[in-house]
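Asks: The structure's right below; bear with me while I get my questions together.
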Amino acid sequence: MTLGERIGNLRRDAGYSQEYVAESLGVSRQAVSKWETDLSSPDTENLIKLAELLNTSVQFLATGKDFYFPEGKPVQERKKIKITKKLVIKIIAIIIGTMLFLAAAAYVLIGLFGPVSVDSAACSGGYRTFLYDKYSEEFINTFLENLDYYDERHPVFTSAKPCGSEHFQISSFRRNVNVTITVIGETEIGNEYPYKVIFKGKRIWYDTYKWELVSITEMDPFYIFNKKLT
């Protein structure tokens, strides 16, 4: 490769026009064109200016070999290094993006399809109490709305209430939870009647469930608590 070819290649790599190089060095565009076509050669002063402008060394321009390149590598090798760095950054970005996607996918899948974790400790306290506090009002409203369908002989209840979390039982299988709750229906004159109500819940997102009423059963009259007897 000739001196002119090296000047032309470096100029094009840098994205410079012949006019820009000529203006930067204080020479004519024709002079730059003659250098690149080897019709003439730049003097020492212009060679130094060219090396600085094109980010290379005088040695590389003159001989094609470079012992004092600013970054320690010839232009072509330095370009390869830049490409390699970009490739490594892109690969790292892809890996991080993939890991984030997999983590998000796992979070969603566990939330939708992961098994319900109800161990003995949670069942005896924390998780049972959590479901009781979160859904007892919904259970009571569903009980009142569906009572006629299950028992046409029941008294007319003006209100209902759960019988405390100690009468609230749960069991789980995969993403399903079965709940048994004791509900007290109260009549206008104050009589209270207990019912055993069973719900089946399917988890739709972590601790959020969609409930289906399974059955309402009137309990033994022996367990009726009368506030006022008539």
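The values are calculated or read from the model by the stated rules, or taken from the named source; none is laboratory data. Please read these numbers as outputs of a predicted model, since none were measured by experiment. Cβ placement follows ideal geometry from the backbone for every residue including glycine, while neighbour counts extend to all protein chains displayed. Just the protein is used for accessible areas: all its heavy atoms, side chains included, with ligands, DNA and RNA removed. Shrake-Rupley method; radii C 1.70, N 1.55, O 1.52, S 1.80 Å.
Asks: When you go through (1) in contact with a Pro (Cβ under 9 Å, 6 or more places away or on another chain); (2) at pLDDT below 90; (3) in a helix (DSSP H, G or I) one by one for T56, which number turns out not to apply?
Replies: (3) is the only condition that T56 fails.
Asks: Another question, if that's okay. Which numbered condition trips up T182, out of (1) in contact with a helix residue (DSSP H, G or I) (Cβ under 6 Å, 6 or more places away or on another chain); (2) outside any strand (DSSP E or B)?
Replies: (2)
Asks: Determine, yes or no, whether E138 is in a helix (DSSP H, G or I) and either at pLDDT 85 or above or surrounded by 14 or more Cβ atoms within 10 Å (Cβ to Cβ) (or both).
Replies: yes
Asks: Quick check on region 1-37: of everything there that is among the aliphatic types (A, V, I, L, M) and over 51 Å from the mean Cα position of the chain (by Cα), which residue is modelled with the lowest pLDDT?
Replies: M1
Asks: Looking at region 144-172, which of its residues are open to solvent by less than 50 Å² (accessible area, probe 1.4 Å), within 24 Å of G126 (Cα to Cα) and either free of Cβ contacts under 8 Å to residues at least 40 places away in the same chain or not in a strand (DSSP E or B) (or both)?
Replies: P162, C163, G164, S165
Asks: Can you work out which of the residues in region 173-186 that are surrounded by fewer than 18 Cβ atoms within 10 Å (Cβ to Cβ) and touching a Ser or Thr at 6+ places or on another chain (Cβ under 9 Å) is modelled with the highest pLDDT?
Replies: Taking the candidates together, the pick is T180.
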